[in-house]
Amino acid sequence: QVQLVESGGGLVQPGGSLRLSCAASGFTFSLYAMRWYRQVPGKERELVAGISSSGGSINYADSVKGRFTISRDNAKNMVSLQMNSLRPEDTAVYYCNVRADRGYWGQGTQVTVSS
(Lines give C-alpha, C1' and ligand atoms only; values in the text may rest on other atoms or scores of the structure.)
Protein backbone atom coordinates (compact mmCIF):
# COMPACT_ATOMS: atom_id res chain seq x y z
CA GLN A 1 0.00 0.00 0.00
CA VAL A 2 1.06 3.57 -0.59
CA GLN A 3 2.83 5.16 2.36
CA LEU A 4 4.19 8.68 2.70
CA VAL A 5 6.11 9.54 5.84
CA GLU A 6 7.14 13.14 6.46
CA SER A 7 9.89 14.22 8.82
CA GLY A 8 12.00 17.25 9.63
CA GLY A 9 9.49 19.67 11.09
CA GLY A 10 10.06 21.61 14.26
CA LEU A 11 10.31 25.01 15.91
CA VAL A 12 12.53 27.60 14.24
CA GLN A 13 13.06 31.32 14.65
CA PRO A 14 12.07 33.75 11.89
CA GLY A 15 14.76 33.81 9.25
CA GLY A 16 15.82 30.28 10.02
CA SER A 17 15.79 27.14 7.88
CA LEU A 18 14.33 23.67 7.97
CA ARG A 19 14.51 20.73 5.61
CA LEU A 20 11.49 18.48 5.30
CA SER A 21 11.71 14.98 3.90
CA CYS A 22 9.09 12.55 2.68
CA ALA A 23 9.85 8.85 2.36
CA ALA A 24 7.58 7.12 -0.15
CA SER A 25 6.77 3.45 -0.60
CA GLY A 26 4.14 1.19 -2.14
CA PHE A 27 4.23 2.66 -5.64
CA THR A 28 6.70 3.28 -8.45
CA PHE A 29 8.01 6.58 -7.14
CA SER A 30 9.90 7.59 -10.28
CA LEU A 31 6.69 7.62 -12.35
CA TYR A 32 4.77 10.19 -10.32
CA ALA A 33 4.88 13.89 -9.64
CA MET A 34 5.11 14.76 -5.95
CA ARG A 35 3.77 17.73 -4.06
CA TRP A 36 4.10 19.47 -0.73
CA TYR A 37 1.03 21.10 0.80
CA ARG A 38 0.52 22.94 4.05
CA GLN A 39 -2.47 23.63 6.25
CA VAL A 40 -3.26 25.86 9.19
CA PRO A 41 -6.31 25.31 11.39
CA GLY A 42 -9.48 26.72 9.86
CA LYS A 43 -8.00 27.11 6.40
CA GLU A 44 -7.89 24.95 3.28
CA ARG A 45 -4.83 22.93 2.47
CA GLU A 46 -2.50 25.02 0.28
CA LEU A 47 -0.19 23.75 -2.46
CA VAL A 48 3.36 24.84 -1.62
CA ALA A 49 5.48 23.15 -4.29
CA GLY A 50 5.35 20.41 -6.89
CA ILE A 51 7.96 18.46 -8.82
CA SER A 52 7.50 16.27 -11.88
CA SER A 53 8.44 12.61 -11.97
CA SER A 54 11.87 13.33 -13.46
CA GLY A 55 12.44 16.49 -11.48
CA GLY A 56 12.59 18.52 -14.66
CA SER A 57 9.51 20.60 -13.95
CA ILE A 58 9.00 22.42 -10.67
CA ASN A 59 6.43 24.93 -9.49
CA TYR A 60 6.01 26.97 -6.30
CA ALA A 61 3.33 28.98 -4.63
CA ASP A 62 4.05 32.69 -4.99
CA SER A 63 4.34 32.98 -1.22
CA VAL A 64 7.39 30.69 -1.09
CA LYS A 65 9.19 31.44 -4.37
CA GLY A 66 12.84 32.24 -3.81
CA ARG A 67 12.79 30.80 -0.27
CA PHE A 68 11.77 27.16 -0.66
CA THR A 69 13.33 24.49 -2.88
CA ILE A 70 11.72 21.16 -3.71
CA SER A 71 13.86 18.24 -4.84
CA ARG A 72 13.61 14.50 -5.24
CA ASP A 73 15.85 11.45 -5.23
CA ASN A 74 14.26 8.71 -7.31
CA ALA A 75 16.90 6.22 -6.24
CA LYS A 76 15.91 6.68 -2.61
CA ASN A 77 12.16 7.29 -3.12
CA MET A 78 12.46 10.59 -1.30
CA VAL A 79 11.16 14.09 -1.88
CA SER A 80 12.46 17.04 0.12
CA LEU A 81 11.55 20.63 0.79
CA GLN A 82 14.35 23.00 1.79
CA MET A 83 12.81 26.00 3.52
CA ASN A 84 14.95 29.11 4.05
CA SER A 85 14.17 32.58 5.35
CA LEU A 86 11.22 31.21 7.23
CA ARG A 87 8.47 33.57 8.34
CA PRO A 88 5.80 33.24 11.03
CA GLU A 89 3.20 32.88 8.28
CA ASP A 90 4.93 29.67 7.15
CA THR A 91 3.73 28.04 10.36
CA ALA A 92 1.56 25.07 9.37
CA VAL A 93 1.38 21.32 9.15
CA TYR A 94 3.21 20.27 6.00
CA TYR A 95 2.02 17.27 4.00
CA CYS A 96 3.53 15.20 1.24
CA ASN A 97 1.16 14.17 -1.56
CA VAL A 98 1.06 11.89 -4.57
CA ARG A 99 -1.81 11.45 -7.04
CA ALA A 100 -1.70 7.82 -8.09
CA ASP A 101 -4.97 5.89 -8.47
CA ARG A 102 -6.21 8.50 -5.98
CA GLY A 103 -4.64 11.14 -3.81
CA TYR A 104 -2.48 9.93 -0.95
CA TRP A 105 -1.25 11.96 2.00
CA GLY A 106 1.28 11.52 4.73
CA GLN A 107 0.53 12.17 8.38
CA GLY A 108 2.05 15.63 8.21
CA THR A 109 4.86 17.35 10.07
CA GLN A 110 4.42 20.51 12.13
CA VAL A 111 6.50 23.56 11.26
CA THR A 112 6.37 26.43 13.74
CA VAL A 113 8.16 29.70 13.02
CA SER A 114 8.28 31.84 16.12
CA SER A 115 10.68 33.84 18.22
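The values are calculated or read from the model by the stated rules, or taken from the named source; none is laboratory data. As the structure is a prediction and not an experimental result, all values here were calculated from the model. When the accessible area is computed, the model is the full protein with side chains, heavy atoms only, and any ligands, DNA or RNA have been set aside. Shrake-Rupley method; radii C 1.70, N 1.55, O 1.52, S 1.80 Å.
Rolled with a 1.4 Å probe across the full set of protein chains, the surface gives residue 109 an accessible area near 20 Å². Once the 1.4 Å probe is applied to the protein heavy atoms, the chain comes out at 52 Å² accessible per residue.
Would you kindly calculate the mean projected area, averaged across all directions, of the convex hull enclosing the Cα atoms of segment 34-115, in square nanometres? For segment 34-115, averaging the hull's shadow over all directions gives 6.1 nm².
Calculate what fraction, in whole %, of the accessible area of the chain sits on carbon and sulfur atoms when a 1.4 Å probe is rolled over the protein chains. Of the solvent-accessible surface of the chain, carbon and sulfur hold 46 percent.
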